[in-house]
């Protein structure tokens with residue numbers, strides 16, 4: 001349902017949420033190492049999220065990626081929309097071009113409620129709702 005790029009974006013934001021109480025800016029290389037994500041790929045993801053105002057960034061010494069208070073009110077769907085585009089949760093689970101209640105794929109009725117529940121959670125859960133991942137940082 002979600003691309004690897006989007007999954008990495010969610011992991012990166014969760015990492016930034018975890019650091020937000022420290023008011024720390026983190027570079028893409030450091031984050032990639034901690035999250036075990038290829039650094040060039042993560043850098044592109046972080047740039048997309050920053051350009052989409054989903055996360056914040058600063059250039060120069062002491063720069064990096066971080067979350068401001070206004071970023072903490074963003075929702076998971078903002079990450080998904082920024083990376084995979086809107087409508088991800090409307091697409092066919094099997095990837096068929098046409099799939100709906102009137103013209104369902106083989107698993108449509110098995111996954112439609114699950115997909116809608118996940119979409120609803122992604123639309124309502126803000127970054128502030130993320131649990132802190134590692135209090136020992």
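Rule-based calculations on the coordinates, nothing more; no lab input. Everything numeric in this text was worked out from a predicted model, so none of it was measured. FYI the Cβ positions are ideal-geometry reconstructions off the backbone, even for glycines, and counts take in every protein chain you see.
Quickly estimate the mean residue ellipticity at 222 nm for the chain, helices only: each DSSP H run with n ≥ 4 gives -39500 (n - 2.57), and the total goes over all residues, rounded to 500.
-14500 deg cm²/dmol
Given labels modelled 7 Å from the Cα in the Cβ direction, how far is it in nm from residue 41 to residue 101?
It is 3.8 nm.
Under a GNM of the chain (C-alpha, springs under 10 Å), which listed residue has the highest mean-square fluctuation: 53, 113, 71?
Comparing 53, 113, 71 in the GNM, the peak value goes to 113.
Normalise the Cα radius of gyration of the chain by 2.2 N^0.38 Å (N = residues in it) and let me know the number. Before the final figure, lay out the partial values.
On the way: Rg = 16.6 Å, N = 137, 2.2 N^0.38 = 14.3 Å.
Relative to the 2.2 N^0.38 Å estimate, the chain comes out at 1.16.
Find how many whole Å separate the alpha carbon centroid of the range 108-128 from the alpha carbon centroid of the range 1-75.
The two parts, judged by their Cα centres, are 23 Å apart.
Rank the residues 74, 115, 51 as a footprinting-exposure proxy: fewest other Cβ atoms within 10 Å of their Cβ go first.
Ascending Cβ contact count within 10 Å gives the list 51, 115, 74.
Contact order normalised by length for the chain, with contacts defined as Cα pairs under 8 Å and 6 or more residues apart; what percent is it?
Value for the chain: 30 percent.
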